[in-house]
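One structure is given below, encoded as structure tokens.
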Amino acid sequence: MLTVEIWSDVVCPWCYLGKRRWEAALARFPHADQVETVWRSFELRVNQPIVPGDSLNEMMRRDGHSQEELDGIFQSIIDLGDKEGIALRPGEYRPVNSFDAHRLLHAAEGHGLVNALMERVLYAYHSELSNIADHEVLRALAVDAGLSRATISEVLSGDGCATEVRADEARGAAIKVTSVPAFVVDGREAIHGAVESDAILAMLTEEWERHTVAASSD
């Protein structure tokens with residue numbers, strides 16, 4: 001079994017694109033049934049509040065980007081989303097803290113529902129422009145994904161799965177994960193960033209060959 005750990009943040013459009021490209025690459029990989037995907041938590045904005053404030057467009061304008069430059073960047077992201085069949089609305093995002101969403105994703109993993117919940121949260125934030133830091137929004141999304149109300153309440157009413165999120169972040173920092181999505185195999189970052197599915201497939205093929213050689217020598 002080849003284990004691929006993917007560090008990502010649900011508020012990152014490149015991570016949404018990366019998930020689609022990962023799935024496309026895996027669908028073409030002949031040993032896909034021998035690949036385990038493990039999603040790891042990463043927060044792009046650790047100190048972002050839970051209440052939506054300025055739009056991403058406004059935040060980036062303050063960082064010194066011109067509106068013309070931003071229009072080009074956002075349109076490029078929108079076009080890439082269209083190519084992957086997802087509706088991205090980057091200029092309209094109002095960034096919020098993603099920590100509680102990551103906590104729920106860890107809880108969902110324990111019930112075999114991490115992919116379902118991740119899909120629901122990604123769509124809610126990037127396409128519906130929902131506040132995925134709001135607990136009522138998260139509850140509804142998690143119910144949609146099949147997580148029990150009892151499990152959801154257990155996580156959101158306290159600090160459930162906080163340790164797991166912080167452990168992911170600490171391990172990511174230890175192995176030098178600084179941008180997402182980041183694909184890690186055997187504790188090494190194999191590939192990262194806005195890569196196409198062909199590049200991901202090439203990485204999978206290379207890592208599979210390395211994995212099988214190592215297994216045969218044991």
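Quick notes on this one:
- Summed side-chain charge close to residue 152 - residues other than residue 152 whose Cβ falls under 15 Å, Lys, Arg +1, Asp, Glu -1: -3
- Approximating the spin labels as points 7 Å out from Cα along Cα→Cβ, the residue 196-to-residue 149 distance works out to 4.9 nm.
- Using θ = phi - 60° in the Karplus curve 6.51 cos²θ - 1.76 cosθ + 1.60, the 3J(HN,Hα) couplings for the stretch 6-14 round to 10, 7, 7, 10, 5, 8, 9, x, 5 Hz; x is entered for Gly and Pro.
- Rough spin-label spacing in nm, given labels placed 7 Å along Cα→Cβ, for residue 135 and residue 24: 4.0
- Label zone at residue 55, where the point sits 7 Å out along the Cα-to-Cβ direction: the stretch 1-37 residues whose backbone N lies under 17 Å: 13
- Of the three principal axes defined by the Cα atoms of the stretch 1-69, the extents in descending order read 47, 27, 16 Å.
- Globularity index of the stretch 77-218 is 1.21 (Cα radius of gyration / 2.2 N^0.38 Å, N = number of residues).
- Summing +1 for each Lys or Arg and -1 for each Asp or Glu among the other residues whose beta-carbon sits under 12 angstrom from that of residue 166 gives -2.
- Dipole magnitude of the chain about its Cα centre (Cβ charges: Lys, Arg +1; Asp, Glu -1), debye to nearest 20: 240
- Residue 62/residue 212 FRET efficiency (R0 35 Å; Cβ-Cβ; nearest 0.05): 0.10
- Relative packing of peptides 119-125, 19-25, 186-192 - highest average C-beta neighbours within 10 Å first: 119-125, 19-25, 186-192
- Put the Cα centre of the stretch 62-111 next to the Cα centre of the stretch 182-200 and the gap is 19 Å.
- Dipole orientation for the stretch 1-149: of the candidates 81, 140, 49, 140 has the Cα lying most toward the positive pole (charges on Cβ; Lys, Arg +1; Asp, Glu -1).
- Size of electric dipole in the stretch 125-207: Cβ of Lys, Arg +1 and of Asp, Glu -1, about Cα centre, debye, nearest 20: 220
- If R0 equals 22 Å, the separation of the Cβ atoms of residue 163 and residue 111 corresponds to a calculated FRET efficiency of about 0.80.
- No Cys partner within the rule (Cβ under 4.7 Å), the chain: 161
- Here the simple spin-label model places points 7 Å from the Cα toward Cβ, and for residue 173 and residue 123 these points are separated by 3.5 nm.
- Since only 108, 212, 150 are under comparison, the one whose Cα sits farthest along the positive direction of the charge dipole of the stretch 74-218, derived from C-beta charges on Lys, Arg, Asp and Glu, is 150.
- Kirkwood-type hydrodynamic radius, the stretch 1-147: 16.1 Å, calculated from all non-identical alpha-carbon pairs.
Since every read-out is calculated from the coordinates, none of them should be taken as a lab result. Everything numeric here is computed off the predicted structure, so don't read it as measured data. Cβ sites come from the backbone with ideal geometry, for glycine too, and all protein chains shown count toward neighbours.
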